[in-house]
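Following: one structure in structure tokens, then a few remarks.
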Amino acid sequence: MLAGLQDVTFEFGARTIVRDATWHIQPGERIGLIGFNGTGKSTLLKVLIGEYHSSSGSVERGKGVSIGYLHQDLLSFDTEESIFEVAIGAFAHILSLEKEIDVLGKRLEKDSENEALLHEYSDKLHELELAGGYDIHHRTEEVLQGLGFSNADLQRPYKEFSGGWRMRVLLAKMILQQPDLLLLDEPTNHLDLPSIEWLEKYLVHYKGSVVIVSHDKYFLNRMVTKIVELYQQQLHFYNGDFDFYETEKEMRLTLQQRAYENQQEYIRQQERFIERFRAKATKAAAAQSAIKRLDKLERIEDVSVDRPEIRINFQLDKIPGKIICTLKHASKRFGDIRIVENASAEINRGDKIALIGANGKGKSTLLRMIAGTETFDGERIWGHNVEASFYAQHQLEALNLQHTLLEEMKSCGSQKTEQELRALLGCFLFSGDDVDKKIRVLSGGEKARVALAKTIIGRANFLILDEPTNHLDMLSIDLLIEALNKYEGTVIMVSHDRHFISKAANRIWEIENFEIKDFAGGYEEWLLWKERKRVAAEKETGEVKTQAPNNNSKDEKKEADEKQQPAQLSKPGGNGAINKELKKEIQKYQKNLQQLEEKLNSLTQKKKELEALLASPDIYADKEKFLQAESNYQKSVETLARADKEYEKVFEKLLELEEKSR
């Protein structure tokens, strides 16, 4: 075990974050730590590293285990050093060793006959080689470039960069340190799509364990093999990726809701019994026993309160013409930096466009050009009856600081009822008395959520959204997706959240070679199209290599030569022997598949029996029986999931073998 919690309870002021939590992080694990905003995920990481001390229980860390922790508080760090110097600081021991070698080298220049000094110098060089000291500069450059920095950036002072870019430098340093356990708190918040993809590729091969706090479902799905959810002051474990978690969580919530309703029925039965017989002498003892049973009963939480839904009908004041906005021969530059050059594009009614690409390509600039808040050379032609609403960070400045949240929402002229406005604010993480808070007391993130809610609720028929998912948790992002899918108007959005883009967009724009590249399809289709283009380009490159064998490696040349030689005749009986072996292999996998099908049927039946047991009201009268049944059910779910994955692997292998036999 690298680190973990054992029966830990932690209170933050009057609020309990976790109660009796046990969690052991093992070597090689990739874990997603999730939960609603405000449940205490970041706090839990600080408990894990010992920054906060638990009220009870113990925090355990393996002897000699190194832990790296990336979090937003690191942005307070400042220095005159270049970003390269900050990042290469990860190799403090090697840098110290280099200085020692340098000192020894200078001493040897003056005393070259000193054998002891020569041995020490040689030993230090060997130590440097073993520590990988000869490639730390290359590795540092590679990681910084992967996270989006250009070669020209590497020697610029760290202090010149904004908060998001500073966080990338600190992430690079932490990656280079290669701790045994890497704790990443919202690592994708400050990354563009290419940098997120680079980080994914890096972390997939990372030898240490990784715990990631993130609201990015797409990122979690690709990164983690286990989900730990902080929910109702408890840690819940799911052995799978995020998709597996969502499926199992839905089943668990359904089961819990059923258990809650059954327990409520049991409580009502007991209360009716008590009410009826407590005053009757012959039944008084039984009534008292029933009272004690209810007092000892561990109450099951009602989960229906955690499933808010958007119930807002979007009504447009005006139906616009077919064309919303046209850009003609648009050019924009900042000094020597070109954004677009002679670019043209058209937005049509009903389009929901995701504008994607690396940071620095000018996505936000292009949104401002479309909105009319950024000057440029060329034309922007507005369509008939278009009413636009633009959400960007500067929209926060337009909020009336003296208004309450509810007053601010009423001021946008949506003509929604107070109940509808409260419902929408709930979707953006404002509930209960929050709606009576003054705008001036809100944090930057809270103001951003109010501004986004105002943008969504207005009667505009064209929404321009710049990073709308920032400051939202997973549930709120899903609710925003639902809202945009219901919205009958037109949308153009910039976001680095791929789950959001894949669910909310039906067209993709990308700024490439200073032009606007338009793809008529969703994000997943766009990815497939890009992959097909990449493969086609590689094949074309491969053909060129075959025509010029001097550029090939030995193996590539051999392969190219073999392709140009006539096919050799097989030895007598050769193919028959191969086919016979292949047939045996297919039969083996078919038998294995049949056995797995029987096993899955048995496990599914067992799971149904346990569900039926948990659906019985009587089981909630006995806490031990209930806990045992719940434990058995969870084990059954996990066993079934493992068997299902095994079945998929065998099935895929069988398909592969059958394809070979054709």
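The values are calculated or read from the model by the stated rules, or taken from the named source; none is laboratory data. Quick caveat, the model's predicted, so the values are computed rather than measured. Reconstructed Cβ throughout: ideal geometry from the backbone, glycine too, with neighbour counts over all protein chains shown.
Below are the figures for this structure:
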quantity: Pairs where the first residue, in the range 51-79, is within 24 Å of residue 20 (Cα to Cα) and free of Cβ contacts under 8 Å to residues at least 60 places away in the same chain and the second is surrounded by fewer than 17 Cβ atoms within 10 Å (Cβ to Cβ) and among the aromatic types (Phe, Trp, Tyr), C-beta under 9 Å, 6+ apart; calculated: 52/12
quantity: Checklist (1) under 23 Å from residue 177 (Cα atoms); (2) surrounded by 13 or more Cβ atoms within 10 Å (Cβ to Cβ); (3) touching a helix residue (DSSP H, G or I) at 6+ places or on another chain (Cβ under 9 Å) applied to residue 117, failing item; calculated: (1)
quantity: Hits in the range 610-632 - residues which are in a helix (DSSP H, G or I) and under 12 Å from residue 263 (Cβ atoms); calculated: 614, 617, 618, 619, 620, 621, 623, 626
quantity: Residue 368 assigned by TED's automatic domain parsing to the domain that holds residue 514, under 30 Å from residue 524 (Cβ atoms), in contact with a Pro (Cβ under 8 Å, 6 or more places away or on another chain) and in contact (Cβ under 8 Å) with a residue 24 or more places away in the chain; calculated: no
quantity: Options 89, 105; residue that is more than 29 Å from residue 190 (Cα to Cα) and not hydrophobic (A, V, I, L, M, F, W, C); calculated: 105
quantity: Helices (runs of 4 or more DSSP H) completely within the range 212-304 that count 2 or more residues being surrounded by 15 or more Cβ atoms within 10 Å (Cβ to Cβ), at pLDDT 85 or above and touching a Gly at 6+ places or on another chain (Cβ under 9 Å); calculated: 217-223, 242-277
quantity: Residue satisfying all of: in the range 392-445; in contact with a Phe, Trp or Tyr (Cβ under 9 Å, 6 or more places away or on another chain) and not hydrophobic (A, V, I, L, M, F, W, C); farthest from residue 458 (Cα to Cα) among these; calculated: 437
quantity: Failed criterion for residue 473 (all others in (1) buried (at least 21 other Cβ atoms within 10 Å of the Cβ); (2) touching a residue at least 60 places away in the same chain (Cβ under 8 Å); (3) under 30 Å from residue 402 (Cβ atoms) hold); calculated: (1)
quantity: Positions within the range 42-79 being more than 16 Å from residue 210 (Cα to Cα), at pLDDT 90 or above and surrounded by 19 or more Cβ atoms within 10 Å (Cβ to Cβ), in sequence order; calculated: 47
quantity: Failed criterion for residue 631 (all others in (1) of a type in the set (Ser, Thr, Tyr); (2) modelled with pLDDT of 80 or more; (3) surrounded by 12 or more Cβ atoms within 10 Å (Cβ to Cβ) hold); calculated: (3)
quantity: Pairs with Cβ under 8 Å, 6+ apart, first in the range 179-195 and among the acidic types (Asp, Glu), second part of a strand (DSSP E or B); calculated: 180/67; 180/209; 185/69; 185/70; 185/213; 186/213
quantity: Selection from the range 438-461 of residues that are buried (at least 21 other Cβ atoms within 10 Å of the Cβ) and touching a Lys or Arg at 6+ places or on another chain (Cβ under 9 Å); calculated: 457, 461
quantity: Residue ID - surrounded by the most Cβ atoms within 10 Å (Cβ to Cβ), chosen from residues in the range 3-39 that are touching an Asp or Glu at 6+ places or on another chain (Cβ under 7 Å) and of a type in the set (Asp, Glu); calculated: 20
quantity: The range 588-612, residues that are buried (at least 16 other Cβ atoms within 10 Å of the Cβ) and farther than 18 Å from residue 639 by Cα; calculated: 589
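Results for (1) in the same structural domain as residue 327 (by TED's automatic domain parsing); (2) out of contact with any helix residue (DSSP H, G or I) (no Cβ under 9 Å at 6 or more places or on another chain); (3) over 23 Å from residue 467 (Cα atoms); (4) in contact (Cβ under 8 Å) with a residue 24 or more places away in the chain, shown as yes or no for each residue.
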{"position": "386", "(1), (2), (3), (4)": "yes, yes, no, yes"}
{"position": "392", "(1), (2), (3), (4)": "yes, no, no, yes"}
{"position": "396", "(1), (2), (3), (4)": "yes, no, no, yes"}
{"position": "402", "(1), (2), (3), (4)": "yes, no, yes, yes"}
{"position": "410", "(1), (2), (3), (4)": "yes, no, yes, no"}
{"position": "420", "(1), (2), (3), (4)": "yes, no, yes, yes"}
{"position": "427", "(1), (2), (3), (4)": "yes, no, no, yes"}
{"position": "435", "(1), (2), (3), (4)": "yes, no, yes, yes"}
